[in-house]
Amino acid sequence: MKIITIISLFVLMCYLGLAQQINEWKDHLSYYQTTKVFSSPEMIFCVTPYSLFSYEKENGFIQRVSKINYLSDIEISDASYSPDFQSLIVGYTNGNIDIINGNKTTNYRDILRATQITNKTINQVKIVDTIAYISGGFGIVLFDLSKKEIIENYSVGTSDNPIEVNATQIKGDTIFSATNKGLYYSLMNNPLIKFPQAWNKISTLQKPNIEYTKLFLFNEKLYLNYSTTDFLGDTLYQVSAKGFKKITELIGNNNMSFYPKGDTLVVSHNFNVTVYNKNFEVLSSYFDYQSASSPQPRYAIFDESAMWIADFRQGLIKANDPFNNEIVIPSSPPYSGNRDIISTNNTVYVTRGDRAENWGKTFTEATLMVYENNEWSSIDKTNNPPLDSIQDIINLASNPNNPTEIIGATIGFGLVKFEGNKVKSIYNDKNSTLENIIGYGVGVSDMKFDNNGNLWCTNMLTNSILHVKDAENNWESFSFPTLLNEETTADLLINGFNQKWVSIRDVGILVFDDNYTPFDKTDDQVKLLTPSEGNGNLPSATILSIAEDKDGEIWIGSDKGLRVIYNPEEVFNNNAEAQDILIKQGLYFQVLLESEAITSIAIDGGDNKWIGTQGSGVFCLSPDGTNEIFHFTAENSALWSNNIQSIGINQKTGEVYIGTDKGLISYRGLETEPNSDYSQIYAYPNPVKSTFTGPVAVTGLVRNSEVRITDLAGNIVLKTIAPGGQILWDKKDTNGNMVASGVYLVFVSTLDGIQREVTKIFIAN
């Protein structure tokens, strides 16, 4: 099996290093889970649940099509292509419709906005001549591709109880609809066709009142499919005026899709693709294109060049014959899960696992997804057999003394140590102080390295909730019987004061200090913070996120808002209380994010706070939280969803990786981690071409650098202070006018003037 990862010219421009400009979004959706494939004379289109991509047959170019560039929404339910109008029609689960023609997308929100419709999911887009028949929970909507408008809608069933239509097919002068309550039909010229009374149920079927999912014509005969999830498989019927005929040759299969072409029928079954002749005799079968993994085809078509299979695990399969095939996908993570995101040494690691709503197991296969040099790869059981017995990796940590060493915390299987993308060790109750709970296993919710290279981790539902391992693999455990006993732990933070902050489900936060002597318990300090005033004043007992900023302040996110502890060094003196952030709204002050569930907090190089929420998207706040820099939502940005699960930042590039419940996306942020000197200073893009409209970045700066940009005559066009590792210049002078073409000098220095450097920017307007 050959795997092809090809990137088109469009994608290449967007994905090469610094080609992603400041304030730009980048698509990191998974393109492995494909659901449908269809074609034009020049292109193959492949659909995923959240996006699609196109493949040029002649040159092999791939182009991603997502909310970032062409789509107006996410969660695609069906799509189709009209060669006559060279238009791509995309339907969504919420009723939204996009028509893409060339580089232009026109959005139609009629179904989406219809208040009288409860089920707006588009189940099928069927194009016949100039009309796209759009079937869904609302019945059938007719979209005229020549007029570019909705011209009619048909309601099947009764006026007060509309029936969901799964598929529509026209045969002669009759339109048929496969619904959730049987097979219906109406004459096309019936003047009352838009009304339920014009539609008749075919009651002669063996099962006239059940849900039928698929409907198609093959050799001028009408076929109807009944889907089931039991071991008996689906049932396919041929339907005619004389009644029905069961197609016994397909009994026992789960029929995912049907593609008729001439005398040949391509059927995607649950685990293979089979080609039949008109008598339903098997001509060929495609069942081994995935090598070690079981195939999961969802749709298959063929043309003069190949069989094209949309597989739910491996992406788009180009099969020249049953034994010669390739996998064609854009570079992407294999899964959409993103419970935790970390970045180290310019490499991003994402874990697929998650915890359930009760903070328990989800039984997700252990997978670590790696993004390096603009390419995605995966560490899983196929290339690391020890992971075959591991599930639910929920949090990650990197060793500051060895960037290639990544530790994964699991719910039930202890700790997994990766090095060089290989599993090196697994720590559990057999080789550490970690405890095993019968029926649950060795549950570790989180772990972090301290400044001395010691690894600290939590042990869920045990008496010893905190453990430490030094570089020589010596272990020690800690219990706090007067405060806690067999609690469910969540996140762990080690701050600049060497304090360990452990969030405890439905309790609060445990703060522990070993006084830099992890194996000497005589000087330990411990404090339990709760929502009570005088005892922490936490926003809630349910702590969902915790982070330390550049000033050492502790930002705490809960299911009931956000608070900050400004003096964590005083926590053991009972002088550290969490405080609300007050922001002025007109004449009044209100509490920042008071009603939000704060799922993630990340700090960028300029000390800005990136706040992920459950339902309200992402907030980027100024260092003190009083100013809103950005508020990204699914409605005002390319963000896939407003439900944020995780945020991780590549401090070298400033790229902010945002994990949503729909998948991963990144945003090229404003700030980078400051450097210790100016040895890596540069400007980009450089030279600045006349077609470039974004800001110019000067990066590689020391924190709080003084930056002056002048022309060759010495006239200052920008003077500023860099809070982090970079500044942005809008190419305007101090009067707000665009500067002329030419060479501009960038003078940078530390505030004490000890370190200085000069670089150049060439502008071609």
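Some values worked out for this structure:
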| item | result |
| --- | --- |
| Rounded to whole Hz, the Karplus (6.51, -1.76, 1.60) HN-Hα couplings of the stretch 341-358, x for glycine and proline | 9, 10, 9, 8, 6, 6, 10, 9, 10, 10, 9, 7, x, 7, 10, 6, 4, 8 |
| Gain in span if fully extended, ASN346 to THR228, counting 0.36 nm per residue against the direct Cα distance | 37.7 nm |
| Eligible lysines near LYS181 by straight Cα distance, threshold 23 Å, same-chain separation 8 or greater | LYS120, LYS126, LYS171, LYS194, LYS201, LYS207, LYS214, LYS221, LYS242, LYS245, LYS246 |
| Pairwise FRET efficiency - ARG505 versus PHE572, Cβ, R0 = 30 Å, nearest 0.05 | 0.85 |
| Cα-based equivalent ellipsoid, the stretch 116-171: semi-axes from gyration tensor eigenvalues, Å | 20, 12, 10 |
| Leading residue at positive end of dipole, the chain (Cβ point charges), from CYS46, TRP729, SER378 | CYS46 |
| Other-chain or far-sequence residues with amide H under 5 Å of ASN166's (modelled H) | ALA178, THR179, ASN180 |
| Karplus (6.51, -1.76, 1.60) ³J(HN,Hα), θ = phi - 60°, over the stretch 141-153, in Hz, Gly and Pro reported as x | 10, 9, 10, 8, 5, 6, 8, 6, 7, 6, 10, 6, 9 |
| For THR364, distant residues with modelled amide H under 5 Å away | ASP354, ASP392 |
| The stretch 682-763: antiparallel DSSP beta bridges as a percent of all, rounded to 5 | 95 percent |
| Charge context of TYR440, other residues only, Cβ under 14 angstrom, K/R +1, D/E -1 | -3 |
| Net charge, GLN124 excluded, C-beta distance under 12 Å - Lys, Arg +1, Asp, Glu -1 | +1 |
| Radius ratio Rg over Rh of the stretch 682-763, counting only Cα atoms, Kirkwood formula for Rh | 0.94 |
| Centre separation in Å (Cα based) which lies between the stretch 294-341 and the stretch 383-448 | 31 Å |
| Phi to ³J(HN,Hα) by Karplus 6.51 cos²θ - 1.76 cosθ + 1.60 over the stretch 449-464, Hz, x for Gly, Pro | 8, 8, 5, 9, x, 7, 9, 9, 8, 9, 10, 5, 6, 10, 6, 9 |
| D_trans [Stokes-Einstein, Kirkwood Rh over alpha-carbon pairs] for the stretch 127-243, 20 °C, 1.002 mPa s, µm² s⁻¹ | 147 µm²/s |
| Neighbour net charge for VAL656 - beta-carbon separation under 12 angstrom, K R +1, D E -1 | -1 |
| Gain in span if fully extended, ASN636 to PHE287, counting 0.36 nm per residue against the direct Cα distance | 121.3 nm |
| Spherically averaged projected area in nm², based on the convex hull that wraps the Cα atoms of the stretch 483-557 | 5.3 nm² |
| Theoretical ellipticity at 222 nm over the chain - DSSP helices of four or more residues, -39500 (n - 2.57) apiece, nearest 500 | -500 deg cm²/dmol |
| Directionally averaged shadow of the stretch 398-526, computed from the convex hull of its alpha-carbon atoms, nm² | 7.6 nm² |
| Residue order, fewest to most beta carbons within 10 Å, for LYS278, LYS242, LYS181 | LYS242, LYS278, LYS181 |
| Antiparallel content of DSSP bridges confined to the chain, in %, to 5 | 100 percent |
| Other-chain or far-sequence residues with amide H under 5 Å of THR344's (modelled H) | TYR349 |
| All-pairs alpha carbon distance profile, the chain, 10 Å steps from 0, percent | 2, 12, 19, 21, 19, 14, 8, 3, 0, 0 |
| FRET efficiency, 1/(1 + (r/R0)^6) with R0 35 Å, evaluated for ASP523 and ASN704 via beta carbons | 0.45 |
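FYI, it's all coordinate maths here, none of it is from the lab. Please read all numbers here as calculations on a predicted model, not as lab measurements. Reconstructed Cβ throughout: ideal geometry from the backbone, glycine too, with neighbour counts over all protein chains shown.
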